[in-house]
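The values are calculated or read from the model by the stated rules, or taken from the named source; none is laboratory data. Fair warning: this is a prediction, and the values are worked out from it, not measured in the lab. Reconstructed Cβ throughout: ideal geometry from the backbone, glycine too, with neighbour counts over all protein chains shown. Please note that ligands, DNA and RNA were not included when accessible areas were found on the heavy atoms of the full protein model with its side chains. Shrake-Rupley method; radii C 1.70, N 1.55, O 1.52, S 1.80 Å.
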Amino acid sequence: MVSLPSILTLSAWWGLATAIGAALAYAILALATARLSETTTRGVLLLAWLLHALALAEGLLGEPPRFGFAPALSMTVWLVLSVYAVESRLFPQLKARWTLAGLGSAAVLLALVFPGTSYHVIASPWLPLHWALGIASYGLFAAAVVHGWLMNRSERSIRSATQPDTGVPLLTLERLTFRFVQAGFVLLTATLLVGWLFAETLYGPGLAGQWNHKTIFSVLAWITFAGLLIGRARLGWRGRQAVRVLYLGSGLLLLGYVGSRFVLEVILKRV
């Protein structure tokens, strides 16, 4: 019969092996993507993506589960890579592979160094759903940021009369960027509503209506994204002006959970 310490040790080694494997596969893709065939590239990306998912699952579903600023960033990058994997099928000319692979490797290693807080007791069985909504909104806004960055690069190439190096038409990038913003805004709204309506159920008695750093930055991000969508619909915001507002809202959202947890876990050494 396998003892509990043996199971925990096996789980720890499994998480370490999958994280290192994912980081190495991403690094190979980032450094050698120009020398790999399309078939090999897709295979390495799929391997890295699967290992990354297993590493995330070990942290979230382990005993006890762990979560924090670095796992949140790692999951966000994984979601962006998932979006890219789908989009690369629809737009084979999309050129962002080496950048995203580098981000994937860095995110996996960061989560390995800072695995987050152990949650021995979760206040509500609905709390993981609340987390999932929030992280999904992070992922969609991160995908919007990547597309906004590609859109800026394409616009600069057009202004300088050079060949755009993004591989996707500017109008297509713009349309994709705002679709991600809209979807992220819906999920962020749902996350804030759930957190506000069921705060005591999710986090414990006496926490309803509490305004902390996470809540303040998240609400400011929501206001910024709402302004961006209204500005685009009513005032015709486009191009670099819209992308700047997108960056601002995403920065505020990043400061919400990831920023507050970074201060607690790394600077203040509190869990």
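Which is farther than 13 Å from W98 by Cβ, out of contact with any strand residue (DSSP E or B) (no Cβ under 7 Å at 6 or more places or on another chain) and modelled with pLDDT under 90, of A19, A12, A23, A32? Spell out how you get there, then give the answer.
Numbers: A19 fails: modelled with pLDDT under 90; A23 fails: modelled with pLDDT under 90; A32 fails: farther than 13 Å from W98 by Cβ.
Step by step, each of A19, A12, A23, A32 is checked, and only A12 is farther than 13 Å from W98 by Cβ, out of contact with any strand residue (DSSP E or B) (no Cβ under 7 Å at 6 or more places or on another chain) and modelled with pLDDT under 90.
Residue under question is A101, and the condition is that it be modelled with pLDDT of 75 or more, assigned to a helix (DSSP H, G or I) and open to solvent by less than 20 Å² (accessible area, probe 1.4 Å); does it hold? Before you say what the answer is, go through the steps one by one.
Details: modelled with pLDDT of 75 or more: yes; assigned to a helix (DSSP H, G or I): yes; open to solvent by less than 20 Å² (accessible area, probe 1.4 Å): yes.
Here the answer is yes, as A101 does meet what is asked.
Within the stretch 70-92, which residues are open to solvent by 10 Å² or more (accessible area, probe 1.4 Å) and either in contact with a Cys (Cβ under 7 Å, 6 or more places away or on another chain) or of a type in the set (A, V, I, L, M, F, W, C) (or both)?
If the condition is that a residue be open to solvent by 10 Å² or more (accessible area, probe 1.4 Å) and either in contact with a Cys (Cβ under 7 Å, 6 or more places away or on another chain) or of a type in the set (A, V, I, L, M, F, W, C) (or both), then L73, M75, V77, W78, L79, V80, V83, A85, V86, L90, F91 are the ones that fit.
Criterion first (modelled with pLDDT of 80 or more, surrounded by fewer than 18 Cβ atoms within 10 Å (Cβ to Cβ), farther than 28 Å from G259 by Cβ and hydroxyl-bearing (S, T, Y)) does T172 satisfy it? Full working, then the answer.
Working: modelled with pLDDT of 80 or more: yes; surrounded by fewer than 18 Cβ atoms within 10 Å (Cβ to Cβ): yes; farther than 28 Å from G259 by Cβ: yes; hydroxyl-bearing (S, T, Y): yes.
Answer is yes for this residue.
Consider G251 against the criteria (1) under 20 Å from the mean Cα position of the chain (by Cα); (2) more than 16 Å from G68 (Cα to Cα); (3) crowded, with 18+ Cβ neighbours inside 10 Å; (4) not hydrophobic (A, V, I, L, M, F, W, C): it satisfies all of them except one. Which criterion is unmet?
(3)
From the list A183, A144, A111, pick out the single residue that is at pLDDT 90 or above, farther than 30 Å from A233 by Cα and in a helix (DSSP H, G or I).
On the way: A183 fails: farther than 30 Å from A233 by Cα; A144 fails: farther than 30 Å from A233 by Cα.
On inspection, the qualifying residue turns out to be A111.
Could you give me the residue pairs with C-beta distances under 7 Å whose first residue belongs to the stretch 159-188 and is within 28 Å of A226 (Cα to Cα), whose second residue is open to solvent by 50 Å² or more (accessible area, probe 1.4 Å) and modelled with pLDDT of 90 or more wherever it lies, and which are 6+ apart or on separate chains?
Taking only residues 6 or more apart or on different chains, the pairs are F178/R232; L188/W222.
What pairs come up if the first residue lies in the stretch 248-271 and is β-branched (V, I, T), the second is surrounded by 21 or more Cβ atoms within 10 Å (Cβ to Cβ), and their beta carbons are under 7 Å apart, counting only those six or more places apart or on different chains?
That search, which allows pairs on different chains as well, returns V258/F69; V258/A72; V258/L73.
For the stretch 127-136, which residues satisfy the criterion of being open to solvent by less than 30 Å² (accessible area, probe 1.4 Å) and either more than 8 Å from the chain's Cα centre (by Cα) or over 18 Å from L60 (Cα atoms) (or both)?
Of everything in the stretch 127-136, those that are open to solvent by less than 30 Å² (accessible area, probe 1.4 Å) and either more than 8 Å from the chain's Cα centre (by Cα) or over 18 Å from L60 (Cα atoms) (or both) turn out to be L127, H130, G134.
With the structure loaded, tell me whether L29 is under 19 Å from F180 (Cβ atoms) and either β-branched (V, I, T) or crowded, with 21+ Cβ neighbours inside 10 Å (or both) or whether it fails that test.
Working: under 19 Å from F180 (Cβ atoms): no; either β-branched (V, I, T) or crowded, with 21+ Cβ neighbours inside 10 Å (or both): yes.
In short, no.
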